[in-house]
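Note sheet for the following structure.
The values are calculated or read from the model by the stated rules, or taken from the named source; none is laboratory data. This structure is a prediction, so every number in the text was calculated from the model and none was measured. Here the Cβ is made from the backbone with ideal geometry for all residues, glycine too, and neighbour counts use every protein chain on show.
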């Protein structure tokens, strides 16, 4: 889970616009810039530690750290997106949906949130909503592999459009460094259905 590229710029802008980020008379000082850089480095390190905890299965501690970051930096979508992923992995689809929608209120083109909202919609049988979420993720991030593959599955298996799915499988195959081992079978099956 990578930090959104705009996060540093957003935090910098918010701090520079606030009175506490400016020196006497509203002049930005070198000390303030150094403090901002240090704060940003600390935040990124804390985020990376929480991601490692999550990847290692320590979901309670990771969740607590992401909650703390989300409370401290409510305009940062990364911690909230990871809270959504933790809820999704725990099977709490309502909480996951709420978290991902919260992420979209901050970053309407967040690929992880859009992709997972698509998965949740597909799981509940709302195929048009699933397709909208996947396509919106791909409109903003055309090479986001999870959305490419999920849209391909949706078109192939749920919407009966194997020709469109095959194009997406081909795109995934071209972009993925290490494609899913099942890709050959999925492509073979889609070709047979065409």
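Outside the structural domain of residue 129 (by TED's automatic domain parsing), farther than 30 Å from residue 136 by Cβ and either at pLDDT 90 or above or assigned to a helix (DSSP H, G or I) (or both), is that true of residue 67? It would help to see each step written out before you state the result.
On the way: outside the structural domain of residue 129 (by TED's automatic domain parsing): yes; farther than 30 Å from residue 136 by Cβ: no; either at pLDDT 90 or above or assigned to a helix (DSSP H, G or I) (or both): yes.
No: the conditions fail for residue 67.
Does residue 149 meet the test of being assigned by TED's automatic domain parsing to the domain that holds residue 189, under 16 Å from residue 117 (Cα atoms) and within 19 Å of the chain's Cα centre (by Cα)?
Working: assigned by TED's automatic domain parsing to the domain that holds residue 189: yes; under 16 Å from residue 117 (Cα atoms): yes; within 19 Å of the chain's Cα centre (by Cα): yes.
Considered against the rule, which asks whether it is assigned by TED's automatic domain parsing to the domain that holds residue 189, under 16 Å from residue 117 (Cα atoms) and within 19 Å of the chain's Cα centre (by Cα), residue 149 comes out as yes.
What number goes with the only condition from (1) in the same structural domain as residue 47 (by TED's automatic domain parsing); (2) part of a loop (DSSP other than H, G, I, E, B); (3) under 14 Å from the mean Cα position of the chain (by Cα) that residue 143 does not pass?
Checking residue 143 against (1) in the same structural domain as residue 47 (by TED's automatic domain parsing); (2) part of a loop (DSSP other than H, G, I, E, B); (3) under 14 Å from the mean Cα position of the chain (by Cα), the one that fails is (1).
Within segment 87-97, can one find any residue that is within 28 Å of residue 44 (Cβ to Cβ), in a helix (DSSP H, G or I) and without any contact (Cβ under 8 Å) to a residue 12 or more places away in the chain? Outline the logic, then answer.
First, pick out the residues of segment 87-97 that are within 28 Å of residue 44 (Cβ to Cβ): 87-90, 92, 95-97.
If we keep only those that are in a helix (DSSP H, G or I) too, we end up with 87-89, 95-97.
From the residues that got through so far, the ones that are without any contact (Cβ under 8 Å) to a residue 12 or more places away in the chain too are 95.
Yes, segment 87-97 has at least one match.
Listed here are the residues, each with its yes/no results for (1) more than 13 Å from the chain's Cα centre (by Cα); (2) surrounded by 15 or more Cβ atoms within 10 Å (Cβ to Cβ); (3) modelled with pLDDT of 65 or more; (4) assigned to a helix (DSSP H, G or I).
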site: 43; (1), (2), (3), (4): yes, yes, yes, yes
site: 48; (1), (2), (3), (4): yes, no, yes, yes
site: 57; (1), (2), (3), (4): yes, no, yes, no
site: 60; (1), (2), (3), (4): yes, no, yes, yes
site: 74; (1), (2), (3), (4): yes, no, yes, no
site: 80; (1), (2), (3), (4): no, yes, yes, yes
site: 108; (1), (2), (3), (4): no, no, yes, no
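Can you spot a residue in segment 176-194 that is loosely packed, with under 13 Cβ neighbours inside 10 Å, in contact with a helix residue (DSSP H, G or I) (Cβ under 6 Å, 6 or more places away or on another chain), more than 19 Å from residue 104 (Cα to Cα) and at pLDDT below 95?
Applying the first criterion (loosely packed, with under 13 Cβ neighbours inside 10 Å) to segment 176-194 yields 177-178, 181-182, 184-185, 188, 191-192, 194.
Now drop any that are not in contact with a helix residue (DSSP H, G or I) (Cβ under 6 Å, 6 or more places away or on another chain), which leaves 194.
Next, only the ones that are more than 19 Å from residue 104 (Cα to Cα) stay: 194.
Checking the rest, the ones that are also at pLDDT below 95 come to 194.
Yes: one or more hits.
Just one of the numbered conditions (1) part of a helix (DSSP H, G or I); (2) loosely packed, with under 15 Cβ neighbours inside 10 Å is not true of residue 160; which one?
(1)
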